[in-house]
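Remarks on the structure that follows.
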Amino acid sequence: MKQDLSTALQDKRRAAPSLSTPLGGRAARSAVQEALLNRAAKPVLFVLCLLPLVWLVYAAATNQLGANPAEALIRRLGDWTLRGLWLTLAITPLREAAGLAALARFRRMLGVFTFAYASLHLLAYGWLDMGLDFGEIAVDIAKRPFILMGFTAWLLMVPLAATSFNKAIKALGAKRWQVLHKAVYAVSVIALLHFIWMRAGKHNFAEPAVYGAILTVLLGWRLWKRVSTKRGRLG
């Protein structure tokens with residue numbers, strides 16, 4: 001039976017029109033969907049999410065982080081936190097725009113890795129920059145607004161990471177869980193403010209502007225979707 005099914009699929013692929021036609025586009029989308037549902041897809045994503053950390057550890061061990069390795073490590077961990085957060089927020093728009101429902105199964109892993117990188121970013125700051133002097137860390141958080149922004153974003157991520165498992169969803173209930181996880185939007189805005197404020201000290205706004213533009217698109221799409229849905233109901 002498996003052989004018959006395989007043969008049938010091969011026949012369909014041979015008979016399918018080019019990708020320039022709607023049917024060809026559907027066939028390509030179906031193939032991507034099957035790949036995303038493959039058992040190996042999550043392990044591949046897991047390895048990809050680990051690669052930046054592996055590279056940073058290797059670069060630190062081999063003195064490839066420049067003249068100030070501590071600062072470089074702290075900042076690059078922060079960069080990967082932002083990238084992970086933006087990728088997590090991009091899942092829903094990409095899923096709906098491309099018609100790839102299977103993308104949703106990767107959102108949790110991306111979110112957990114984002115929290116892991118944020119925690120390592122905070123740890124690197126507390127250890128390498130402040131020597132794990134918690135009194136000094138508390139003073140620094142209160143004194144420097146961009147540190148306060150970053151710490152606030154991390155605090156807001158804690159309950160999201162702690163409730164990212166099926167048991168937590170069942171315990172909270174789907175509606176309350178969804179309301180709680182909308183805090184990711186506040187996290188993203190605060191994290192961007194942290195990044196902008198940090199780069200403002202060196203008058204470097206180019207990279208924050210790129211991150212800001214991407215976030216504007218991601219959050220703007222959600223606002224547009226919400227307004228469109230409400231209009232559809234009223235209509």
Q. Would a scan of segment 195-209 turn up a residue that is in a helix (DSSP H, G or I), under 25 Å from Ile137 (Cβ atoms), within 19 Å of the chain's Cα centre (by Cα) and of a type in the set (A, V, I, L, M)?
A. yes
Q. Does Arg233 satisfy the criteria of being at pLDDT below 95, over 19 Å from Thr92 (Cα atoms), surrounded by 17 or more Cβ atoms within 10 Å (Cβ to Cβ) and of a type outside the set (Asp, Glu)?
A. no
Q: Being more than 23 Å from Val112 (Cβ to Cβ) and out of contact with any helix residue (DSSP H, G or I) (no Cβ under 9 Å at 6 or more places or on another chain) narrows it down to one of Ala67, Ala40, so name that one.
A: Ala67
Q. Of the residues Ser188, Ser164, which single one is buried (at least 16 other Cβ atoms within 10 Å of the Cβ), of a type outside the set (Val, Ile, Thr) and assigned to a helix (DSSP H, G or I)?
A. Ser188
Q) Under the condition of being of a type in the set (A, V, I, L, M) and modelled with pLDDT under 95, which residue from segment 73-100 is least open to solvent (accessible area, probe 1.4 Å)? A) Leu100
Q. Exactly one of (1) within 18 Å of Phe115 (Cα to Cα); (2) open to solvent by 30 Å² or more (accessible area, probe 1.4 Å) is unmet by Lys170. Its number?
A. (1)
Q. Applying the selection to segment 101-125, what residues are buried (at least 18 other Cβ atoms within 10 Å of the Cβ) and out of contact with any Ser or Thr (no Cβ under 7 Å at 6 or more places or on another chain)?
A. Leu103, Phe106, Phe113, Phe115, Ala116, Leu120, Leu122, Ala124, Tyr125
Q) Just to be sure, is Leu51 of a type in the set (A, V, I, L, M), in contact with a Ser or Thr (Cβ under 9 Å, 6 or more places away or on another chain) and open to solvent by 60 Å² or more (accessible area, probe 1.4 Å)? A) no
(Q) Is it the case, given these coordinates, that Lys182 is charged (D, E, K, R), free of Cβ contacts under 8 Å to residues at least 40 places away in the same chain and within 14 Å of Leu89 (Cβ to Cβ)? (A) yes
Q.
Please go through segment 205-218 and give me each residue that is more than 13 Å from Asp79 (Cβ to Cβ) and open to solvent by 30 Å² or more (accessible area, probe 1.4 Å), ordered by number.
A. Phe205, Ala206, Ala209, Ala213, Ile214, Thr216, Val217
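The values are calculated or read from the model by the stated rules, or taken from the named source; none is laboratory data. Computed from a predicted structure; not experimentally measured. Reconstructed Cβ throughout: ideal geometry from the backbone, glycine too, with neighbour counts over all protein chains shown. When the accessible area is computed, the model is the full protein with side chains, heavy atoms only, and any ligands, DNA or RNA have been set aside. Shrake-Rupley method; radii C 1.70, N 1.55, O 1.52, S 1.80 Å.
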